[in-house]
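Structure first, then comments.
No value in this document is a laboratory result; all are computed from the given coordinates. If you're wondering where the values come from, they're calculated on a predicted model, not measured in any experiment. Cβ atoms come from the backbone with ideal geometry, glycine included; neighbour counts cover every protein chain shown.
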Amino acid sequence: MVDEPERLRLESARIGAVPLINAFLDRLGLPALLHSVLAVTDPRLKLAPATAVRLVVINLLIGREPIYGLSEWAARYSPDLLGLSQAELAVLNDDRLARGLGRVVRRGPGQEVSDVLCKRTCVISSC
């Protein structure tokens, strides 16, 4: 029985408004849209571009950390709330996030943005 307290470990993670943001993004269809538009074509990628963009969107809504501080910001949250695995959290850095955002910039504006805006209007007006 003496060894039992040594086996116990306390882990804490911030939750904040992330579940609310996730519900809103899911209702907009943003995660599915990002995965379809920013499909992973390079097996060497350790962080999918859609995951990087989603993380930046969540940070913009509740964190406002600079891109170089996003890995530290994300480490305070439960990784599954941010759509990350433990492996993705471990390799998260500003270069990988910038590559994901670069994919969005290279695509340029398109029909996808209009789709999200139309869906947003429908969600807000309860279509």
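Points to keep in mind about this one:
- Residue-by-residue Karplus 3J(HN,Hα) for the range 57-73, coefficients 6.51, -1.76, 1.60, Hz, glycine and proline x: 4, 4, 4, 4, 6, 10, x, 6, 8, x, 4, 6, x, 5, 5, 5, 4
- Value in Å of the Kirkwood radius, where the range 13-122 supplies the Cα pairs that are averaged: 14.3
- For Y77, residues with placed amide H under 5 Å, excluding near neighbours: R14
- Nitroxide proxy distance, nm - points 7 Å out along Cα→Cβ at S78 and A98: 3.3
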